[in-house]
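Student: Encoded as structure tokens, here's the structure I'll be asking about.
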Amino acid sequence: MAIVTVVIKKSGDLSYIPNNKVRHGDTVRFWIDTSTGVTNATVYPPTCLDSTASISLDNSSNLKEAKDDAVSEGAAVGTYPFTVNVPGGSGSSHHGSELETKNGNLDVTTDPPEA
């Protein structure tokens, strides 16, 4: 089974390594790229994953910078949207009062993995 990483950055869109196409049983890793200035994020995962509870990520330790979850065996083929909230603004601290919402999606497919 493959691992697809959703990279959460301070600015710009979400990015996917290698891409946003997943198959049943694949692992989806949500990861904050702290080198871009992200200190924390809340992920509202797509319904195609085994767990759909919100995920809190932060830079307090390596164990909290990423969270893995599997694509449910029962997920129908299709596109599943999700959102990630990251603290917005630049310069002075806003104490988490301003959040930027980033939109993403995972495409559940039955196609064979790309070589």
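Student: Obtain the nm distance between the two label points defined at S51 and T79 by a simple spin-label model: each point lies 7 Å from its Cα along the Cα-to-C-beta direction.
Tutor: 2.8
Student: Tabulate in residue order the Karplus-calculated ³J(HN,Hα) for segment 24-38, using 6.51 cos²θ - 1.76 cosθ + 1.60 with θ = phi - 60°, rounded to whole Hz; enter x for Gly and Pro.
Tutor: Computed from phi, the couplings for segment 24-38 are 3, x, 5, 9, 10, 10, 8, 9, 8, 8, 5, 5, 8, x, 6 Hz.
Student: Another question, then. Taking only protein heavy atoms and a 1.4 Å probe, what accessible area per residue, in Å², does the chain have with all protein chains in place?
Tutor: 56
Student: Would you calculate the separation in nanometres between label points at L99 and A2, each defined as 7 Å from the Cα along the Cα-to-beta-carbon direction?
Tutor: Each label point lies 7 Å from its Cα, and together they span 3.0 nm.
Student: Just to confirm the filter: which GluC sites (Glu not before Pro) across segment 1-110 are DSSP coil and have at most 13 other Cβ within 10 angstrom of their Cβ?
Tutor: Hits after loop and neighbour filter: E73, E98.
The values are calculated or read from the model by the stated rules, or taken from the named source; none is laboratory data. Predicted, not measured: the structure shown is a model, and the values here were computed from it. Counting neighbours? That spans all protein chains shown, and the Cβs are built from the backbone with ideal geometry, glycine included. Side chains are part of the model used for accessible areas, which takes the heavy atoms of the whole protein and leaves out ligands, DNA and RNA. Shrake-Rupley method; radii C 1.70, N 1.55, O 1.52, S 1.80 Å.
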